[in-house]
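Worksheet: the structure to be examined is printed underneath.
Readers should treat all values here as calculations from the given coordinates under stated rules, not as data from a laboratory. These numbers come from a predicted model, not from an experiment. Note that we place each Cβ from the backbone using ideal geometry, even for glycine, and neighbour counts take in every protein chain shown.
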Amino acid sequence: MREYSIGALSRKSGVSVKVIRFYTDRGLLPPARVAPSGYRYYTDGELARLYQIIGLRWLGLSLHQLDALLADQMTLADVLAAQKASIATELDRLHRLKGRLSVAEQALKNGEEALWSHLYQLREMMQVTVAERQDWLERWWREQLTGKVPPASLDTFVQKAKAMVTDEEPSSVAATIWTGMRDGQFPLENLPGQPKDMGLNTQESWSGPPACERLSPA
């Protein structure tokens with residue numbers, strides 16, 4: 001059985017001695033044997049394991065994930081699925097951050113004071129839950145439509161409208177609309193933008209009588 005010193009293993013694998021020593025000390029790459037002198041020796045089995053570690057690190061796995069995988073606490077399929085889910089979460093975070101930067105750039109065109117006002121409003125709306133937005137939307141629609149449509153139709157419409165609310169991060173326009181709905185500032189005829197501008201899952205517009213038919217999903 002061929003053996004490699006840590007230096008020979010480094011030359012064979014292209015991985016630095018420092019990195020090999022780190023993985024060994026962490027327990028991810030235990031040597032095949034340790035000589036009385038304290039020198040560590042590795043075999044082709046450890047070389048293959050080192051390649052596995054490097055490959056998994058290249059895929060972005062954390063040391064904790066490697067610990068669990070190499071200790072047979074998780075399967076490779078589970079680890080890869082978890083890594084994909086983690087990346088999806090991070091991509092969503094970056095997408096939202098990019099959107100905030102675009103909003104900031106647009107607001108800055110109207111001066112720094114407008115920028116800080118927009119950012120404060122956006123941050124406030126981002127902390128609002130979907131359930132809270134649904135409550136605001138229901139109260140607002142009932143204020144707009146009570147007495148104009150039959151109560152049963154209004155109840156049905158309100159439930160459908162609430163179902164359109166998503167957890168999409170609000171744009172500058174959406175934050176303005178949601179704030180106005182919360183504070184009762186916008187009558188229907190003066191509502192800015194369109195439902196899709198505030199993150200509602202619909203292509204309908206605010207206009208066109210009766211409103212409950214226009215906004216009802218197909």
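The table for this structure:
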{"read-out": "Virtual spin-label span in nm between Lys160 and Ser37, 7 Å along Cα→Cβ", "value": "8.3"}
{"read-out": "Cross-link partners of Lys109 among lysines (Cα-Cα below 23 Å; sequence separation of 8 or more within a chain)", "value": "Lys98"}
{"read-out": "Qualifying lysines (Cα of each under 30 Å from Cα of Lys18; at least 8 residues distant if same chain)", "value": "Lys84"}
{"read-out": "Value of Rg to Rh for segment 40-154 (Rh from inverse mean 1/r over Cα pairs, i.e. Kirkwood)", "value": "1.30"}
{"read-out": "Length released on extending from Arg93 to Glu105, taking residue separation times 0.36 nm less the Cα-Cα span", "value": "2.5 nm"}
{"read-out": "Highest average packing first - 24-31, 107-114, Cβ atoms within 10 Å", "value": "24-31, 107-114"}
{"read-out": "All-pairs alpha carbon distance profile, segment 3-67, 10 Å steps from 0, percent", "value": "22, 58, 19, 2"}
{"read-out": "Using a Förster distance of 35 Å, the FRET efficiency for Asp67-Ser117 (Cβ separation, nearest 0.05)", "value": "0.15"}
{"read-out": "Calculated from backbone phi, Karplus (6.51, -1.76, 1.60) coupling profile of segment 5-22 in Hz, x at Gly/Pro", "value": "6, 5, x, 5, 5, 5, 5, 5, 8, x, 9, 5, 4, 4, 5, 4, 4, 4"}
